[in-house]
Amino acid sequence: MKNLALFLCAGLLLWSACQNDDPAPPVFENELRYDGPNLTGPVLAAGEYEAAVRFSAGYLDNYDGRELTAVQFFLGQLPAGCELRIYEGTTGGDAPATLLASFDLSAQVQAPAWNRFPLPNPVVIGPRDLWLSVALTHTQQQQSIGCDAGPNQIDGDWLFTTADGQWRPYTERTPESINWNIRGELAE
């Protein structure tokens, strides 16, 4: 009888240990972000890219009605061109739907450094996906956009490249598991 109880306890322990261990994305009071501290950045070839983080409508339930007032991102090396883009919604093919705002920051970004851009008009968080994107132009192979050490959070590593014209998670493009150093600041 003791052996049966022991096997039942061991079975219950194994069953509970095999549950889905994927952590929920972190929720911060006044920030939208998936990343940890900057570690490095991927080496990207010459070309045009957009590194983005997507916050799903479900994730944004915690922030409904709040205002996005600024965006921060880390650059390791200065790209030839740098633009902040904010999108709302997602198309059926996992791409941003509607461009809400775009700002050419090429003349004001610094590297290696965190760059903070206050939005001239805050974006009200609503019931649609929100994408924070940094568009980059490289004239040579370089490490411009920063990333953390991972592991990646779902929606923390979207990358568009004009080379294939597709939005795909970086983890689908490489074996690296990271999150972009892109953060949104919310009004208190």
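In segment 105-130, which residues are closer than 20 Å to residue 155 by Cα, in a loop (DSSP other than H, G, I, E, B) and not acidic (Asp, Glu)?
Listed by number, the residues that qualify are 125, 126, 127, 128.
Across segment 88-127, which residue is surrounded by the most Cβ atoms within 10 Å (Cβ to Cβ) among those that are in contact with a Ser or Thr (Cβ under 6 Å, 6 or more places away or on another chain) and under 16 Å from residue 51 (Cα atoms)?
Among those that are in contact with a Ser or Thr (Cβ under 6 Å, 6 or more places away or on another chain) and under 16 Å from residue 51 (Cα atoms), it is 88.
Please specify each residue of segment 100-126 satisfying the condition of being free of Cβ contacts under 8 Å to residues at least 40 places away in the same chain and farther than 30 Å from residue 39 by Cβ.
The answer is 120, 121.
Take the residues in segment 49-91 that are hydroxyl-bearing (Ser, Thr, Tyr) and touching a Leu at 6+ places or on another chain (Cβ under 8 Å); name whichever of them is farthest from residue 142 (Cα to Cα). It would help to see each step written out before you state the result.
Initially, segment 49-91 is screened for residues hydroxyl-bearing (Ser, Thr, Tyr), giving 49, 56, 59, 63, 69, 87, 90-91.
Applying the additional criterion that residues be touching a Leu at 6+ places or on another chain (Cβ under 8 Å) yields 49, 63, 69, 87.
On the way: 49: 12, 63: 35, 69: 30, 87: 26 Å.
Among them, the one singled out is 63.
Would you please list the contacts, defined by Cβ atoms under 7 Å and residues six or more apart or on different chains, that run from a residue in segment 168-188 that is free of Cβ contacts under 8 Å to residues at least 24 places away in the same chain to a residue that is assigned to a loop (DSSP other than H, G, I, E, B) and small (Gly, Ala, Ser)?
Hits for this filter: 171/177.
Does segment 50-90 hold any residues that are in contact with a His (Cβ under 7 Å, 6 or more places away or on another chain) and not small (Gly, Ala, Ser), and which are they? Explain how you work it out, then say what you get.
Applying the first criterion (in contact with a His (Cβ under 7 Å, 6 or more places away or on another chain)) to segment 50-90 yields 79-80.
Within segment 50-90, just 79 meets the criteria.
Residue 159 passes all but one of (1) surrounded by fewer than 21 Cβ atoms within 10 Å (Cβ to Cβ); (2) among the aliphatic types (A, V, I, L, M); (3) under 14 Å from residue 95 (Cβ atoms); which number fails?
So residue 159 meets the others, but not (1).
State whether the residues of segment 166-186 include one that is assigned to a strand (DSSP E or B), of a type in the set (Gly, Ala, Ser) and either surrounded by 20 or more Cβ atoms within 10 Å (Cβ to Cβ) or under 12 Å from the mean Cα position of the chain (by Cα) (or both).
Residues of segment 166-186 that are assigned to a strand (DSSP E or B), as a first pass: 166-169, 180, 182-186.
If we keep only those that are of a type in the set (Gly, Ala, Ser) too, we end up with 184.
When the remaining residues are screened for being either surrounded by 20 or more Cβ atoms within 10 Å (Cβ to Cβ) or under 12 Å from the mean Cα position of the chain (by Cα) (or both), the result is 184.
Looking through segment 166-186, at least one residue is assigned to a strand (DSSP E or B), of a type in the set (Gly, Ala, Ser) and either surrounded by 20 or more Cβ atoms within 10 Å (Cβ to Cβ) or under 12 Å from the mean Cα position of the chain (by Cα) (or both).
Laboratory data are not the source of any read-out in this text; all were calculated from the coordinates shown. These numbers come from a predicted model, not from an experiment. Neighbour counts run over all protein chains shown; Cβ positions are idealised from the backbone, glycine included.
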